[in-house]
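One structure is given below, encoded as structure tokens.
The values are calculated or read from the model by the stated rules, or taken from the named source; none is laboratory data. This one's a predicted model, so the numbers in the text were calculated from it and none came from an experiment. Positions of Cβ are backbone-derived with ideal geometry, glycine not excepted, and every protein chain shown enters the neighbour counts. Side chains included, ligands, DNA and RNA excluded: accessible areas come from the protein's heavy atoms. Shrake-Rupley method; radii C 1.70, N 1.55, O 1.52, S 1.80 Å.
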Amino acid sequence: MDIALRPVHDSDLPVFFRQFNDPESLRMAAFTSEDPADRDRFDAKWAHIRSSPEIVARTVLVDGDVVGSVSVYGEAGEREVTYWIDRAHWGRGIATAALRALLTEVTERPLYARAAADNAGSLRVLRACGFEVTGKARGYAAGRGEETDELVLALED
């Protein structure tokens with residue numbers, strides 16, 4: 001399995017839109033956009049992501065096929081990582097490999113991440129990449145339609 005990152009192409013966006021609207025993925029991610037089916041809002045968000053010099057966004061490829069995205073965003077000293085892998089590819093080590101690749105490209109530290117406290121897969125990915133839990137929060141999770149516990153993680157070195 002060949003896992004690679006590349007800049008986001010226009011042709012990736014329909015794939016991302018489909019992935020970001022999978023009900024099981026939305027529930028697991030929890031803290032998602034209010035209306036993931038709003039294509040205009042999705043397109044505007046990705047236009048901003050792709051035009052912002054502060055955001056590093058990459059498409060995740062497996063054997064040449066688009067399977068997700070991985071990004072770093074935010075203000076210096078508060079930058080966060082985020083990733084999304086198509087549910088059909090969960091449990092294969094792709095998110096871990098993609099995040100590790102991004103972390104070699106984006107060398108500034110600290111970096112932060114957030115995950116629903118019950119999202120064992122995402123927490124496993126983050127811990128495998130060196131992130132450690134530094135805090136807890138609770139907030140409204142649109143992907144679940146309810147208040148949800150969240151863990152805050154940091155990568156210091």
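Is there any pair linking a residue in segment 31-50 that is part of a loop (DSSP other than H, G, I, E, B) to one that is open to solvent by 100 Å² or more (accessible area, probe 1.4 Å) and modelled with pLDDT of 95 or more, with Cβ under 8 Å and at least six apart or on different chains, and which?
Here the result reads Phe31/Arg114; Ser33/Arg41; Ser33/Lys45; Asp35/Arg41, each pair linking segment 31-50 to a residue that is open to solvent by 100 Å² or more (accessible area, probe 1.4 Å) and modelled with pLDDT of 95 or more.
Tally the residues that are among the hydrophobic types (A, V, I, L, M, F, W, C), surrounded by 18 or more Cβ atoms within 10 Å (Cβ to Cβ) and either assigned to a strand (DSSP E or B) or over 14 Å from the mean Cα position of the chain (by Cα) (or both), restricting the search to segment 82-108. Give the derivation first.
Going residue by residue through segment 82-108, those that are among the hydrophobic types (A, V, I, L, M, F, W, C) are 84-85, 88, 90, 94-95, 97-99, 101-103, 106.
Now drop any that are not surrounded by 18 or more Cβ atoms within 10 Å (Cβ to Cβ), which leaves 84-85, 94-95, 97-99, 102-103.
Filter again for either assigned to a strand (DSSP E or B) or over 14 Å from the mean Cα position of the chain (by Cα) (or both), leaving 84-85.
Residues flagged as among the hydrophobic types (A, V, I, L, M, F, W, C), surrounded by 18 or more Cβ atoms within 10 Å (Cβ to Cβ) and either assigned to a strand (DSSP E or B) or over 14 Å from the mean Cα position of the chain (by Cα) (or both) within segment 82-108 amount to 2.
Inside segment 116-157, can you point out the residues that are assigned to a strand (DSSP E or B) and in contact (Cβ under 8 Å) with a residue 40 or more places away in the chain? Full working, then the answer.
Going through segment 116-157, the residues assigned to a strand (DSSP E or B) turn out to be 116, 132-141, 146-155.
Once the filter is applied, which keeps residues that are assigned to a strand (DSSP E or B) and in contact (Cβ under 8 Å) with a residue 40 or more places away in the chain, segment 116-157 yields Ala116, Gly139, Ala141, Thr148, Glu150, Val152, Leu153, Ala154, Leu155.
Could you identify the single residue in Arg27, Arg79 that is open to solvent by 20 Å² or more (accessible area, probe 1.4 Å) and not acidic (Asp, Glu)? Can you show your working first?
Details: Arg79 fails: open to solvent by 20 Å² or more (accessible area, probe 1.4 Å).
Arg27 is the lone residue from the list that is open to solvent by 20 Å² or more (accessible area, probe 1.4 Å) and not acidic (Asp, Glu).
Within the set of pairs 6 or more residues apart or between chains, which connect a residue that is open to solvent by 70 Å² or more (accessible area, probe 1.4 Å) inside segment 1-14 to a residue that is assigned to a loop (DSSP other than H, G, I, E, B) with Cβ atoms less than 9 Å apart?
Close Cβ pairs satisfying both conditions: Met1/Asp63; Met1/Arg92; Met1/Gly93; Asp2/Asp63; Asp2/Gly64.
A quick yes/no check of all residues on (1) of a type in the set (Ser, Thr, Tyr); (2) in contact with a Leu (Cβ under 7 Å, 6 or more places away or on another chain); (3) closer than 17 Å to Ser69 by Cβ:
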site	(1), (2), (3)
Ala101	no, yes, yes
Thr107	yes, no, no
Ala113	no, yes, yes
Ala117	no, yes, no
Ser122	yes, no, yes
Val125	no, yes, yes
Ala137	no, no, no
Ala141	no, no, no
Glu146	no, no, no
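Name the one entry in Arg58, Arg127 that is farther than 17 Å from Val152 by Cα, charged (D, E, K, R) and open to solvent by 30 Å² or more (accessible area, probe 1.4 Å). Can you show your working first?
Numbers: Arg127 fails: farther than 17 Å from Val152 by Cα.
Checking each option against the conditions leaves just Arg58.
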